[in-house]
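The values are calculated or read from the model by the stated rules, or taken from the named source; none is laboratory data. Just so we're clear, the structure is a prediction, and the values are computed from it rather than from any experiment. Note that we place each Cβ from the backbone using ideal geometry, even for glycine, and neighbour counts take in every protein chain shown. Accessible surface areas use protein heavy atoms only, side chains included; no ligands, DNA or RNA. Shrake-Rupley method; radii C 1.70, N 1.55, O 1.52, S 1.80 Å.
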Amino acid sequence: MTLQTAVVIGAGQGMGQTTALLLARHGLTVYLVGRTEAKLQTTADAIRAAGGSCHVFPADLTEETALDALTAQLTADQVALDLLVHCAGESFIKPIEDTTFADFNRTIAINLGTAILAVTKLVGFVHTSANPSLILISSKVALRGYGGVAAYSAAKAGVVGFARSLAVELRPERIRVAALCPGPVDTPMRWSATPDFARDLVISAETIAETIWHIANLPRGTMTGELLIQSELYD
């Protein structure tokens, strides 16, 4: 079964951009979604320069109507969506006593709320795929506690819980749902949040993209649940 179409949320940089480039190299038409049009256009230019196919949809998924243009296009094109990858996110590092309620709300909206919106708006397009997958990027902090990231951890743990519930709900239709839980990854978000982090403890965004590709190509009816992926040196 050959995958043909994918939506990548957060395709402007980091894991999302790398995943979109890899999917396009494998011949998929990729719908690129993210907040910053200029970054999406950079991804699109790279895809098209390599002979790939893509469409750009700038969208802020903290707004409920953000995906209306995309869903209208998918409907018009009668797309059977093979793969939805949600990579959108924003780090937040601050001691709990310095974290405001507004900080929590923003962190959860960006890291969890956008995943919920993406799935609820797009799941209807995967039913006619021959091998559909929903892959949500969570984090190792969803599986193990670390100090100073309570709001971010709560949001990413929510992504895991959301994926677990979806996997059960969608199992009768054999729609695969996976939560990928990376440790530190070499992305702009990592270095913006922790510029002095040890570089020998990170894995590449290409490793994440290849893992997504592997999961999406498992035989239909095969599931993975949540998957931890990290450097062997990281605790």
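One table, with the values for the structure above:
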| quantity | calculated |
| --- | --- |
| Count - residues of the stretch 55-88 that are over 23 Å from residue 182 (Cβ atoms), touching a helix residue (DSSP H, G or I) at 6+ places or on another chain (Cβ under 9 Å), aliphatic (A, V, I, L, M) and not in a loop (DSSP other than H, G, I, E, B) | 3 |
| Options 226, 173; residue that is buried (at least 19 other Cβ atoms within 10 Å of the Cβ) and within 29 Å of residue 26 (Cβ to Cβ) | 226 |
| Helices (runs of 4 or more DSSP H) contained entirely in the stretch 145-235, each with at least 2 residues that are within 24 Å of residue 2 (Cα to Cα) and of a type in the set (Asp, Glu) | 205-216 |
| Top-ranked residue in the stretch 21-54 [being assigned to a helix (DSSP H, G or I) and in contact (Cβ under 8 Å) with a residue 60 or more places away in the chain; ranked as surrounded by the most Cβ atoms within 10 Å (Cβ to Cβ)] | 23 |
| Residue match in the stretch 89-108 (condition: open to solvent by less than 20 Å² (accessible area, probe 1.4 Å), of a type in the set (A, V, I, L, M, F, W, C), outside any loop (DSSP other than H, G, I, E, B) and in contact (Cβ under 8 Å) with a residue 24 or more places away in the chain) | no |
| Test result for residue 196, farther than 13 Å from residue 15 by Cα and open to solvent by 40 Å² or more (accessible area, probe 1.4 Å) | yes |
| Residue within the stretch 146-161 that is touching a Gly at 6+ places or on another chain (Cβ under 9 Å) and either without any contact (Cβ under 8 Å) to a residue 24 or more places away in the chain or aromatic (Phe, Trp, Tyr) (or both) present | yes |
